[in-house]
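Notes follow the structure.
The values are calculated or read from the model by the stated rules, or taken from the named source; none is laboratory data. From a predicted model like this one, the values you see are computed outputs, not experimental measurements. Note that we place each Cβ from the backbone using ideal geometry, even for glycine, and neighbour counts take in every protein chain shown.
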Amino acid sequence: MVKFEQISQKCWKVCEGNDCIETLDLSSSSITNKFSIITSFIENVSKSVGSEFDQWFVQFLNTYKLDSEKRFVVIEDNVPVLKKFVNQYIDSKNIDFTQFVDLTKAKKTSILFNPEEIEKIIRSSSYLKVYSIFFNSENLKLDHRLHKQMYNILVSDLDKDTIFKVFNVVKTKTFRYNISDKYMWDYIKMIQCKTIDIYAVEIFNFIMNSIFTLCDENKNPISYFISVVDESVKWFLRSVYKGSVVYDDSVATEDIQAIHIDNLRTYTYNDTLGRIERIAHQKIHAYLEKSSISTFGDEKTDKAIRDFDERVKNTKFVSPLCECLTFPILSMITGIPYEHFRTLTADRSVVISIYLQDLLKKVFKTEYESLFDIMSFYPQESCAVHTTYKMKKSNMVECFIPQMNTCSFLKFQDKVYLHKVLSYFVGRIARIDFIDPMTGRQLVGIPLSKIEADMIKFYSLLFSNKFEEEIGELKRLLNIDF
């Protein structure tokens, strides 16, 4: 019989008899918090169906672990058998699905689920319970794209009308709170730049991605969804209130500090950066998928995306190119202050820098190619805060300043100042080992002389407002992606 043994909060052992088959390192999620629901269900299927299920389950898990590059194919091949055993267990319970539907209380405006739809929801949820030992485990999960495909395969019995009914339940229940808590929702909209309909979609996604898997086959899933909506809305309202007021140790009128108006700007900046990051991830994954298929075929696509995400996730240091190129340019395009970009973590800065590199190459074509090419690389070690590097092309700075007519660099008509700034920029990247996040290969031989030449021309024109047309074009491209 298949059994599960909990080692710690996020660690479970999968056993068959006295043998340990696999150790699951669970992700941080709502499913992990209630993983006992998953383990109890699989143990009940094992107990009901018997050794046939046990043998299949052990072989399925072992085959899945053997070939990390064909995991999706292994699961896909086993989906019919998975559904067969789960259906066999559900059928053995003789559940009366009509008990979850009370037609006598139905009105014209009611969102009514018939017994067949309730049954499909429970069966689909049961399929996902078995699959959850993979997608909810750090050591076994597929990448996000393949997980979505497998999820859709397992819930394929659910028709669009049923899913839309679930969404309508979430939306209707959420909007009812707008009647009793209208002013709080207006406050949330002002502070977090999110309307109540956005929260309704977020709750629906949460239910479909996590809560749907946790449905009890013996209980009405719609009632469960409604209770989740209630708790989610209360959590939203409570968390906003708690985050808006700060209390010291002693509670007194003078100790209460109301939220500052600048927090609205901060939420706006964070929302914009979050959208840029999501767009960047989508474009990078699409590029990796396309290039991997054309080079290696379908079997290498998932590995390329997975390896890229892993490298980015493990990035520890922000590239000096982000600080002196990516962040200033994005600040000009978005209007977000430069200092706000400096709060970005290393992994987020890599993704955003790759995205900006693509925009810059579309606008400037082959100009400043050496400078833009290293934007996508990340450093293996922390770069120096100070540098004594002196540019080799000092004469180019002296020759270039007069060509700028009456314009000045940062309002200083001083080539010495420009020389020092650019020496500092180049010096910080001169002796760093850079890694390509796309391939994992180290950058060999940084072309410093070409980078110097590109930097002298690019920064001189940038900070002298000579790139107004180019900045406008970058804004236009960014708006299209938004």
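Quick one: in segment 429-459, which of the residues that are small (Gly, Ala, Ser) and in contact with a Lys or Arg (Cβ under 8 Å, 6 or more places away or on another chain) is farthest from Thr387 (Cα to Cα)? Filtering first and then ranking leaves Gly440. Only one of the numbered conditions (1) loosely packed, with under 15 Cβ neighbours inside 10 Å; (2) at pLDDT 85 or above; (3) in a helix (DSSP H, G or I) is violated by Val351, and that is (1). When Lys107 is tested against (1) surrounded by fewer than 18 Cβ atoms within 10 Å (Cβ to Cβ); (2) at pLDDT 85 or above, exactly one condition is not met: (2).
Residues of segment 130-167 that are in a helix (DSSP H, G or I) and over 23 Å from the mean Cα position of the chain (by Cα): Val130, Lys160, Asp161, Thr162, Ile163, Phe164, Lys165, Val166.
Return yes or no: is Ile471 touching a helix residue (DSSP H, G or I) at 6+ places or on another chain (Cβ under 9 Å), at pLDDT 75 or above, assigned to a helix (DSSP H, G or I) and buried (at least 17 other Cβ atoms within 10 Å of the Cβ)? Break it down stepwise before answering.
Values: touching a helix residue (DSSP H, G or I) at 6+ places or on another chain (Cβ under 9 Å): yes; at pLDDT 75 or above: yes; assigned to a helix (DSSP H, G or I): yes; buried (at least 17 other Cβ atoms within 10 Å of the Cβ): no.
Answer is no for this residue.
State yes or no: is Thr63 assigned to a helix (DSSP H, G or I) and over 25 Å from Trp12 (Cα atoms)? When the stated conditions are applied, Thr63 does not pass them.
Within segment 442-458, is there a residue that is assigned to a loop (DSSP other than H, G, I, E, B), surrounded by 12 or more Cβ atoms within 10 Å (Cβ to Cβ) and under 28 Å from the mean Cα position of the chain (by Cα)? Yes - at least one qualifying residue is present in segment 442-458. Within segment 199-223, residues that are touching a residue at least 60 places away in the same chain (Cβ under 8 Å) have Cβ atoms under 6 Å from residues that are part of a loop (DSSP other than H, G, I, E, B) and crowded, with 20+ Cβ neighbours inside 10 Å in these pairs: Pro221/Cys215; Ile222/Phe113, counting only partners at least 6 apart in sequence or on another chain.
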